[in-house]
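A.B. asks: Before we start, here is the structure in question, set down as structure tokens.
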Amino acid sequence: MDSESLLLSLELASGSGQGLSPDRRASLLTSLTLVKRDYRYDRVLFWGRILGIVADYYIAQGLSADQLAPRKTLYSLNCMEWSLLPPATEEMMTQTSVVKGRFMGDPSHEYEHTEMQKVNDGEKVFDEEVVVQIKEESRLVSIIDQIDKAVAVIPRGALYKTPFGPIHVNRTFEGLSLSEAKKLSSYFHFREPIELKNKTLLEKADMDPSLDFLDSLEYDIPKGSWSMQMERGNTLVVLRSLLWPGLTFFHAPHTKNCGYIYVGTGEKNIDLPFML
């Protein structure tokens, strides 16, 4: 959710029970404005909160003028002091995938993982147990990147693609109509498209290249991984992810108000295909 409309966005997303105390809201409003100025971001999004055992991580993301350019992610434990996180790498994702359970809430905490490695001793090859240290900060980067790629959402028309390639915020976007807002096909993944490249020319024929340049939620696997509900007397659409419980997207039809927030433990619901 955009930091400039933070209070309204938190109010709209509060139907899922995901709120912040008044002092946290005040701290975020002030500190995110300073983050935007100091780091010279085009936009700053309040991404959400990952719940830890000792403390919670508050996450924000800085976007450049090209909205699909790699985002800079920051975290805070008190909503005032923000620290920049390194970008996610394949090695980091592989290394942290073995860690399960809740976050501690301490970035310097190290998880211990025992793995078997083959060791050559002359002609003999034998397995040896090696203890690998994995920092919680690396796991935090990995989980945020996974959630962004899987369930970050934006309504159709909120962004537009210029003929030269960069993607910008659509200043003329006035919200989806009520009938459009009730369709899952009106919402896109807020990341680089993956499935779009596999579509045939016939499927692309009805698409507007300046608006339909992202993957639609309609084709997400497993089918049924999104829960859509109308709230406040059909004046608010709320999408909740069942794959990553805690991710809530909201949009008020006929207005620009839209955004998503994640408040959860950072654990994926891997049992979802068996629950549908």
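The values are calculated or read from the model by the stated rules, or taken from the named source; none is laboratory data. This structure is a prediction, so every number in the text was calculated from the model and none was measured. Positions of Cβ are generated from backbone atoms using ideal geometry, with glycine treated the same way; all protein chains shown enter the neighbour counts. Side chains are part of the model used for accessible areas, which takes the heavy atoms of the whole protein and leaves out ligands, DNA and RNA. Shrake-Rupley method; radii C 1.70, N 1.55, O 1.52, S 1.80 Å.
A.B. asks: Of all the strands (runs of 3 or more DSSP E) wholly in segment 46-135, which have at least 3 residues that are in contact (Cβ under 8 Å) with a residue 40 or more places away in the chain and not acidic (Asp, Glu)?
C.D. replies: Strands (runs of 3 or more DSSP E) meeting the threshold: 57-63, 72-76.
A.B. asks: I'd like to know if segment 66-77 contains one or more residues that are surrounded by fewer than 17 Cβ atoms within 10 Å (Cβ to Cβ), in contact with a Gly (Cβ under 9 Å, 6 or more places away or on another chain), closer than 19 Å to ASP148 by Cβ and at pLDDT below 90.
C.D. replies: Taking every residue of segment 66-77 in turn, at least one turns out to be surrounded by fewer than 17 Cβ atoms within 10 Å (Cβ to Cβ), in contact with a Gly (Cβ under 9 Å, 6 or more places away or on another chain), closer than 19 Å to ASP148 by Cβ and at pLDDT below 90.
A.B. asks: Oh, and also: In segment 28-45, how many are surrounded by fewer than 20 Cβ atoms within 10 Å (Cβ to Cβ) and either on the phi > 0 side of the Ramachandran plot or assigned to a loop (DSSP other than H, G, I, E, B) (or both)?
C.D. replies: Final tally of qualifying residues: 2.
A.B. asks: Hey, can you tell me all the residues within segment 69-127 that are touching a Lys or Arg at 6+ places or on another chain (Cβ under 7 Å), over 27 Å from TYR41 (Cβ atoms) and not aliphatic (A, V, I, L, M)?
C.D. replies: GLU110, ASP127
A.B. asks: Name the one entry in SER138, SER83, SER108 that is within 20 Å of ALA55 (Cα to Cα) and open to solvent by less than 40 Å² (accessible area, probe 1.4 Å).
C.D. replies: SER138 is the lone residue from the list that is within 20 Å of ALA55 (Cα to Cα) and open to solvent by less than 40 Å² (accessible area, probe 1.4 Å).
A.B. asks: Yes or no: ARG25 on the phi < 0 side of the Ramachandran plot and not in a strand (DSSP E or B)?
C.D. replies: Yes, satisfied.
A.B. asks: What are the residues in segment 199-231 that are assigned to a loop (DSSP other than H, G, I, E, B), modelled with pLDDT under 80 and open to solvent by 80 Å² or more (accessible area, probe 1.4 Å), if any?
C.D. replies: Hits for segment 199-231 are ASP206, PRO209.
A.B. asks: How about segment 246-276: which of its residues are of a type in the set (Lys, Arg) and farther than 19 Å from ASP220 by Cα?
C.D. replies: LYS256
A.B. asks: Here's something else I'd like to know. Can you confirm whether segment 125-135 contains a residue that is at pLDDT 80 or above and surrounded by 15 or more Cβ atoms within 10 Å (Cβ to Cβ)?
C.D. replies: Yes, segment 125-135 contains at least one residue that is at pLDDT 80 or above and surrounded by 15 or more Cβ atoms within 10 Å (Cβ to Cβ).
A.B. asks: Which of the residues spanning segment 237-262 are open to solvent by less than 20 Å² (accessible area, probe 1.4 Å), in a loop (DSSP other than H, G, I, E, B) and of a type in the set (A, V, I, L, M, F, W, C)?
C.D. replies: Result: TRP244, ALA252.
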